[in-house]
Structure formats: structure tokens, C-alpha cells
Amino acid sequence: MIVKKIHHVAYRCHDAKETVQFYQKLLDMELLLVFAENKVPSTKATDPYMHVFLDAGMGNVLAFFELPNSPKMGRDSNTPEWVQHIAFEVNDINSLLDAKAKVEAAEIEVLGPIDHGLFKSIYFFDPNGHRLELVANTPISTEDMAKVQKLAFPMLEEWDRTKVPPKQTAWLHEKELGND
């Protein structure tokens, strides 16, 4: 099997309308379609839901479920909140800074920009507590990108054996960490 692309990613939300308005206002996503049923098609369980689909650009779709009869949603308390997030690419650093200003104008706390070597990011939370990342790619030479890609499997193997972070691509974060 070869996957063609991600059709959509789905998350839970507290309030479907509030969620749609948040993504429309701050990230300019359009509402594509909505499903609302009393029974879950896959399990046939009676569980009313609202399922909204948003255009995340270039054929990418972000979806949310509002489940009014389920217990209040939470997050995995065993996973740090910085781990699970949705990252969206923007055109460039100016777009990233414009987005930061727009989110801050909505009185939402923003972290960043953070320089990751290959890209710069800002981070904030949606009204459901989902961490969002906006990313602007930064120029990197073809040689450096090839080097990073060539190291992927050796680094994964080293991590698997030792559970100690391999250092082969540490140079990507050296400036951010003040280790020039």
C-alpha cells in the first residue's frame, strides 16, 4: 500500500462553532463541510456528534468533532503539552510575524519565533487546548539538507540503542541555544 496523502486529521473540540470561528478568524481557514449524525457510521453506536472540516490549504483538511454526550475532553497528562501539536506552514518569516501579531491582537499568548535551524516557529493554543505551531521555512543549502536527510536513519538507530539524543544535527539549534 502506498498512501497518496493525508485526507484529513481529526481532533475533538469543546464547541464546533467556536472552533470554526477561531480557525476562520486567525488562520483564514474556510469551512468546507459538516456532518452531523445521531449514530456513528463506523460503529453504529448512538452518539450524536458534529463533525466540521476546515480547509488547511493545498488539499489539507483539518477536522473536529464536538461530542456533547461524552465526558469533558482532556489531554494526555502523561505527555508534555509541547509534544502534541498541529503545525501549519506559512509563506515566509514576514507572514509568520504578521500571524503572530494577529494572534496576539486576539489576546492569545504566543511563544516565539523560535529558530529551529530549518525553520522558525511560533506556538499558541486554540480554544480547545490544542497546541498550534506556525512555521516559516528558512533557507538551507542543498548540501546541508542532504546531510540532514542522510543522517536520519543513523540517528534513529543510535537513539534506539541508547535513548540518548544523537549530536549529528546539533548544529541546527546551536545559534538558538547560544552555542555559536
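Readers should treat all values here as calculations from the given coordinates under stated rules, not as data from a laboratory. Bear in mind that the values here come from a model prediction, so they are computed numbers and not experimental data. So basically every Cβ, Gly included, is an ideal-geometry build from the backbone, and we count neighbours across all protein chains shown.
Using the Karplus relation 6.51 cos²θ - 1.76 cosθ + 1.60 with θ = phi - 60°, the per-residue 3J(HN,Hα) values for the range 116-124 come to 9, x, 8, 7, 10, 9, 10, 9, 6 Hz, with x marking Gly and Pro.
Mind checking which lysines have their C-alpha under 26 Å from Lys39, skipping anything on the same chain fewer than 8 residues away? Counting by Cα, and skipping residues close in sequence, Lys39 has these lysines nearby: Lys17, Lys72. Centre-to-centre separation between the Cα atoms of the range 1-39 and those of the range 46-105: 8 Å. The trypsin sites (Lys or Arg not before Pro) of the range 89-180 meeting both criteria, a DSSP state outside H, G, I, E and B (loop) and at most 13 other C-beta atoms within 10 angstrom of the site's C-beta, are Lys163, Lys167, Lys175.
Taking the longest Cα principal axis of the chain as reference, the axis of helix 16-27 is set at about 40 degrees. With the helix formula -39500 (n - 2.57) applied to DSSP H stretches of n ≥ 4, the chain reaches a computed 222 nm mean residue ellipticity of -8500 deg cm²/dmol. Quick one: angle between helix 142-162 and the longest Cα principal axis of the chain, in degrees between 0 and 90, rounded to 10, please. The angle comes out near 80 degrees.
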